[in-house]
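Colleague: The structure is given below, and queries will be raised subsequently.
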């Protein structure tokens with residue numbers, strides 16, 4: 001069997017790839033490099049000369065070939081490699097008529113615990129925190145056992161430290177009250193704070209026993225992230241923007257964090273993410289896969305989650321089940337706050353060829369991603 005053709009799709013803010021073999025089996029993959037999907041598409045098209053004619057079962061060889069074909073690294077390249085890798089595992093599973101987790105050593109669990117990216121239901125609520133409280137109660141009623149929010153105020157960068165701490169504590173308190181003691185809460189800081197502010201804020205929210213505190217500072221330095229993890233008094237998670245096993249090894253080798261957060265669509269696909277899980281296991285660190293881009297990456301993550309011992313919880317958005325994703329046909333079955341370990345061959349995702357033709361490309365405006373202080377400066381620069 002040989003790779004015969006590669007189709008690329010820019011759909012909504014996603015880049016999706018379809019690898020087609022000469023015997024008609026095709027595999028689906030997706031990149032998590034959401035800021036630069038056009039660049040990922042260009043690299044995948046550049047890969048055509050390397051990939052056409054290759055045996056799709058030679059997954060490790062192809063992964064290494066694509067990574068080492070030039071002396072360059074980075075998120076766009078790793079995003080392109082990742083989506084190809086996922087598609088190749090999908091092909092292999094379909095050929096052998098078995099789910100991908102069975103090719104990764106078999107399953108160690110029958111269902112995958114989810115943590116819900118929590119939206120806010122305002123309804124008749126008088127405030128954001130009242131809406132958060134109501135949303136948390138509804139999510140728990142729906143069966144979720146872990147909930148995640150960004151607790152920082154919208155204008156966090158222009159607040160005094162006292163205001164920042166007080167408003168954040170009020171938000172976390174509302175989440176904890178709505179969730180109850182039986183549910184884990186996760187606090188995603190999105191790389192917004194300075195090192196010292198992140199330490200001070202962590203001390204202030206410790207009483208609410210968050211499961212972990214995610215990406216408190218900018219990700220420019222692996223050593224800085226590790227040092228912060230050692231100094232913060234609650235568990236820390238990092239890694240959603242890292243690209244390789246070597247970056248994760250260095251992160252853990254320098255002393256932190258307690259949870260690692262690879263994204264299968266950015267960290268080298270299923271092949272490299274399974275290795276990252278093993279590295280984390282050797283440090284007694286748990287894996288909490290990053291994901292918010294849709295059903296393809298959710299499915300790829302779930303197959304890894306099912307096959308590793310150090311899994312804790314899988315990030316999940318109800319957007320997976322939105323009509324906006326109707327061009328992807330998913331066989332995954334959610335039972336409340338869990339996804340049942342899939343039994344369909346391969347990834348368990350198919351592209352609706354007719355619908356994807358009509359899906360508009362809606363790239364993100366990167367300018368909207370940057371907050372500016374009232375003095376005109378970039379709030380992400382510190």
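Colleague: Using the Cα atoms of the stretch 3-99, I'd like the radius of gyration and the largest Cα-Cα distance, Dmax, both in angstrom.
Modeller: Looking at the stretch 3-99, its Cα Rg and Dmax stand at 12.5, 37 Å.
Colleague: Here is a follow-up. Can you tell me the relative contact order of the chain? Whole percent, Cα pairs under 8 Å, sequence separation 6 or more. Walk me through the numbers before you get to the answer.
Modeller: On the way: 805 pairs, mean separation 77.0, N = 382.
After rounding, I find 20 percent.
Colleague: Further question: How do 156-162, 359-365, 88-94 rank on mean C-beta neighbours within 10 Å, highest first?
Modeller: Highest to lowest by the protection proxy: 88-94, 156-162, 359-365.
Colleague: Let me ask another. Quick check: residue separation of residue 369 and residue 333 times 0.36 nm, minus the Cα distance between them. What number comes out in nm?
Modeller: Length difference between fully extended and current span is 9.7 nm.
Colleague: While we're here: Please compute, for the alpha-carbon atoms of the stretch 75-216, the extent along each of the three principal axes and give them in descending order in Å.
Modeller: Between the extreme Cα coordinates on each principal axis of the stretch 75-216 lie 58, 37, 27 Å.
Colleague: For the chain, give the share of DSSP beta bridges that are antiparallel, in percent and rounded to the nearest 5; count only bridges with both residues there.
Modeller: Numbers: 23 of 45 bridges.
About 50 percent, rounded to the nearest 5.
Colleague: Given Cα pairs under 8 Å that are at least 6 residues apart, what percent is the relative contact order of the stretch 1-92?
Modeller: 35
Colleague: OK, next. Roughly how many nanometres apart are two label points built 7 Å out from the Cα toward the Cβ at residue 356 and residue 340?
Modeller: 2.6
Colleague: So how tilted is helix 128-141 from the main axis of the chain? Cα-based, degrees 0 to 90, rounded to 10.
Modeller: It works out to around 50 degrees.
Colleague: So how tilted is helix 269-282 from the main axis of the chain? Cα-based, degrees 0 to 90, rounded to 10.
Modeller: Once rounded, one gets 50 degrees.
Colleague: Find the Rg to Rh ratio for the stretch 101-347, where Rh is the Kirkwood radius over alpha-carbon pairs and Rg uses the same atoms.
Modeller: Values: Rg = 17.8 Å, Rh = 18.5 Å.
Rounded to two decimals, Rg over Rh is 0.96.
Colleague: Just how far, in whole angstrom, is the stretch 1-33 from the stretch 239-283 if you go by their alpha carbon centroids?
Modeller: If we compute the Cα centre of each part, the gap is 25 Å.
Colleague: Could you order peptides 305-318, 185-198 by the average number of other Cβ atoms within 10 Å of their residues, highest first?
Modeller: On the way: 305-318: 21.2, 185-198: 19.3.
Descending packing order for the listed peptides: 305-318, 185-198.
Colleague: Note down, for the stretch 304-351, the three equivalent ellipsoid semi-axes (square root of 5 times each alpha carbon gyration tensor eigenvalue), biggest first, whole angstrom.
Modeller: Equivalent-ellipsoid dimensions as semi-axes: 20, 14, 9 Å.
Colleague: Further, regarding this structure: If I fit a long axis through the Cα atoms of helix 59-68 and take the longest principal axis of the Cα atoms of the chain, what angle between them do I get, 0 to 90°, rounded to 10?
Modeller: It is inclined by approximately 70 degrees.
Colleague: If you don't mind, there's one more thing I want to ask. Can you give me the Cα centroid spacing of the stretch 216-234 and the stretch 63-123 in angstrom?
Modeller: 26
Colleague: Go ahead and estimate [θ] at 222 nm for the chain from helices alone: -39,500 (n - 2.57) per DSSP H run with n ≥ 4, summed, over the residue count, rounded to 500.
Modeller: Using -39500 (n - 2.57) per qualifying helix, the result is -11500 deg cm²/dmol.
Colleague: So, in nm, how far is label residue 177 from label residue 46 when the simple model puts each one 7 Å beyond its Cα toward the Cβ?
Modeller: With each label point 7 Å from Cα toward Cβ, the separation is 5.4 nm.
Colleague: Could I ask something else about it? Express the C-alpha Rg of the stretch 238-382 as a ratio against the empirical globular expectation 2.2 N^0.38 Å, rounded to two decimals.
Modeller: 1.21
Colleague: Per Stokes-Einstein, at 20 °C and 1.002 mPa s, what whole-number D in µm² s⁻¹ belongs to the stretch 222-320, with the Kirkwood radius over Cα pairs as the hydrodynamic radius?
Modeller: Stokes-Einstein gives a translational diffusion coefficient of 162 µm²/s.
Colleague: Further question on the same structure: How high is the relative contact order of the stretch 59-156, in percent, with contacts defined as C-alpha pairs under 8 Å that are six or more residues apart?
Modeller: Value for the stretch 59-156: 19 percent.
Every number in this text was worked out from the coordinates using simple rules, so none of it is lab data. Nothing here was measured: the structure is a model prediction, and the numbers come from that model. Glycine also receives a Cβ, built like all others from the backbone with ideal geometry; neighbour counts cover every protein chain displayed.
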